[in-house]
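The values are calculated or read from the model by the stated rules, or taken from the named source; none is laboratory data. Note that the structure is a prediction, hence the values are computed from the model and not measured. Note that each Cβ is placed from the backbone with ideal geometry, even for glycine, and that neighbours are counted across all protein chains shown. The accessibility values were calculated without ligands, DNA or RNA, using every heavy atom of the protein model including side chains. Shrake-Rupley method; radii C 1.70, N 1.55, O 1.52, S 1.80 Å.
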Amino acid sequence: VQLQASGGGLVQAGGSLRLSCAVSGRIFSIRYMAWYRQARGNQRDMVAGMSSGGTTGYADSVKDRFIIFTNNARNTVYLQMNNLRPEDTAVYFCNVQASGSQVYWGQGTLVTVSS
């Protein structure tokens, strides 16, 4: 199983980016898909998540600015990031939790927001 994240880059404050995470390989049952981020010197925190039933949740700092969604096949998870702020600068990681307590991580994609 591999998670390939992409879409990071440099953007000015107020701009938008869309991150993608393609899931390849066989996962029997995905229970939760999420995006985390880790700024330099900080711990890795969850930004947004989506359950297998479609319920979404967001960190307070990104509510009303970020949207998590998947394609119909649920093999790609996206993070639409709008109205970006310098404090959103971090490495973003996609995460998939599956049955049997299996957890998979993508390699991370860097988002830099300039002021």
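Counting only protein heavy atoms and a 1.4 Å probe, the chain has 54 square angstrom of accessible area per residue.
Hey, what did the chain get for relative contact order, percent, Cα under 8 Å, at least 6 apart? Working shown, then result.
Working: 285 pairs, mean separation 42.4, N = 115.
Value for the chain: 37 percent.
Summing Cβ point charges (Lys, Arg +1; Asp, Glu -1) relative to the Cα centre of the chain gives a dipole of roughly 220 debye. Below 8 Å between Cα atoms, with a sequence gap of 6+, how large is the relative contact order for the stretch 49-94 in percent? So the answer I get is 25 percent.
Beta-bridge orientation, the chain: approximately 90 percent antiparallel, per DSSP, counting only bridges with both partners inside.
The residues neighbouring Asn83, those whose beta-carbon lies less than 10 Å from its own, together hold a net charge of 0 under the Lys/Arg +1, Asp/Glu -1 convention.
What FRET efficiency comes out for Tyr32 versus Leu10 if R0 is 35 angstrom and r is the Cβ-Cβ distance? Round to the nearest 0.05.
Computed FRET efficiency for Tyr32 and Leu10: 0.70.
Centre-to-centre, using Cα atoms only, the stretch 84-115 and the stretch 50-69 are separated by 13 Å.
Could you check how much of the accessible area of the stretch 1-59 is carbon and sulfur, as a whole percent, using a 1.4 Å probe? Walk me through the numbers before you get to the answer.
Values: 1510 of 3490 Å².
Carbon and sulfur: 43 percent of the exposed surface of the stretch 1-59.
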